[in-house]
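Here the structure is laid out as structure tokens; the discussion comes afterwards.
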Amino acid sequence: MPKIAIDQERCKGCERCNDACPQEILGMSQQLNTKGYAYARVVDPARCIGCRLCAIACPDVAIEVYVEGTQYELFTY
Ligand code: SF4
Ligand code: SF4
């Protein structure tokens with residue numbers, strides 16, 4: 001299963017990753033980071049397909065996607 005790592009302190013709560021995710025499995029935390037922003041979180045990690053669109057969409061490079069196996073080879077980058 002792909003693993004999504006979101007750096008909460010880099011996040012500025014813009015929600016672009018939420019909009020980019022084709023699986024609609026990202027959401028925003030009810031808690032704030034030290035900068036005062038509600039940060040992104042993965043709501044349903046089991047449904048992640050490892051497409052990395054969230055990481056590409058993030059203007060603050062706050063998301064890393066780790067994919068094992070061949071899943072991400074379905075996509076061309
Ligand atoms: S890798 Fe793709 S499916 Fe997984 S959280 Fe990011 S945008 Fe959504
Ligand atoms: S796109 Fe990046 S900065 Fe914006 S909410 Fe998502 S993780 Fe945070």
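The values are calculated or read from the model by the stated rules, or taken from the named source; none is laboratory data. Here the structure is a predicted model, which means the values were calculated and not measured. Positions of Cβ are backbone-derived with ideal geometry, glycine not excepted, and every protein chain shown enters the neighbour counts.
Scanning region 1-23 for residues that are more than 13 Å from V42 (Cα to Cα) and modelled with pLDDT under 95 yields a total of 1.
Whenever a residue of region 16-28 is among the aliphatic types (A, V, I, L, M), its partners that are surrounded by fewer than 18 Cβ atoms within 10 Å (Cβ to Cβ) and in a loop (DSSP other than H, G, I, E, B), lying with C-beta atoms within less than 8 angstrom and at least six residues away or across chains, give the pairs I25/V43; I25/D44; L26/V43; M28/G13; M28/E15. The residues of region 32-54 that are aliphatic (A, V, I, L, M) and without any contact (Cβ under 8 Å) to a residue 12 or more places away in the chain amount to a single one, L32. Consider region 65-77 and keep the residues that are part of a loop (DSSP other than H, G, I, E, B) and either at pLDDT 90 or above or not hydrophobic (A, V, I, L, M, F, W, C) (or both). The one that is nearest to D7 (Cα to Cα) is E68. Of all residues in region 2-26, those being near ligand 2 (Cβ under 10 Å from one of its atoms), within 23 Å of E68 (Cα to Cα) and not β-branched (V, I, T) number 6. Scanning region 10-24 for residues that are in contact with a strand residue (DSSP E or B) (Cβ under 8 Å, 6 or more places away or on another chain) and either surrounded by fewer than 18 Cβ atoms within 10 Å (Cβ to Cβ) or not hydrophobic (A, V, I, L, M, F, W, C) (or both) yields a count of 3.
Of the residues in region 47-64, at least one is at pLDDT below 95, of a type in the set (D, E) and more than 9 Å from ligand 1 (Cβ to nearest atom). Once region 27-53 is narrowed to residues that are among the basic types (K, R) and surrounded by 14 or more Cβ atoms within 10 Å (Cβ to Cβ), the residue that is nearest to ligand 2 (Cβ to nearest atom) is R41.
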